[in-house]
1. Looking only at region 22-60, filter to residues that are of a type in the set (A, V, I, L, M), in a loop (DSSP other than H, G, I, E, B) and within 13 Å of residue 72 (Cα to Cα); which one of those is nearest to the chain's Cα centre (by Cα)?
2. List every residue pair whose Cβ atoms sit under 9 Å apart, with the two residues 6 or more apart in sequence or on different chains, where the first one lies in region 16-34 and is closer than 11 Å to residue 4 by Cβ and assigned by TED's automatic domain parsing to the domain that holds residue 63 and the second, anywhere, is among the β-branched types (Val, Ile, Thr) and outside any loop (DSSP other than H, G, I, E, B).
Amino acid sequence: MDEILVGLKWLLDAGIAYSVTLAPGEQSAAYLSILKGVPMCGLRRALTKFRNGEYENMNYSFIPLPAELAAMARAEAKMERDDLVRLRDTKRTLDERSQETAKVSEEGKARIRKMLEEYRASHRLAKEAERGNVVPEVTPEKIAMLSRIMALPDAKEITAEQMANRRAASKLIEQNTANAEDAA
């Protein structure tokens, strides 16, 4: 109740008068009876916005009638409650997401570590083969297929790319044939 009277006095001190439709001497009682169930956060915001002239189509010479001020305060309180609901929903969603990411099982982590190691190993081998340090293992079927391809007659015009592929295939056949002889 005191907060309602303080808010009204604050408007009166700013030079805003009570409406002439209210009986003199009964203005405070009228506002107190109407505004007693209104959320104070909404009333504070409505009084501040009214004093700052933030409402459209209002006569700023007079304090709004008790029912108008109550409606303004309820609307402001509703906006504040809606903001709080949105904030709670956002917080709940963020909390749920953080719990979902924390629920990765040890089995899943081990599987990911294994996949990463396999990738790193294959990448390492590919880089070494690219540098010529490692002879990639080729199946006997692939060597036979490459030998048949190499036995085919060349076309009249051979591009640089075709020559590079032919040299790579010859090198692969020679290396794997030498490896097979060394193993035997």
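1. Within region 22-60, the match that is nearest to the chain's Cα centre (by Cα) is 38.
2. 28/4; 31/4; 32/4
The values are calculated or read from the model by the stated rules, or taken from the named source; none is laboratory data. Note that the structure is a prediction, hence the values are computed from the model and not measured. Note that each Cβ is placed from the backbone with ideal geometry, even for glycine, and that neighbours are counted across all protein chains shown.
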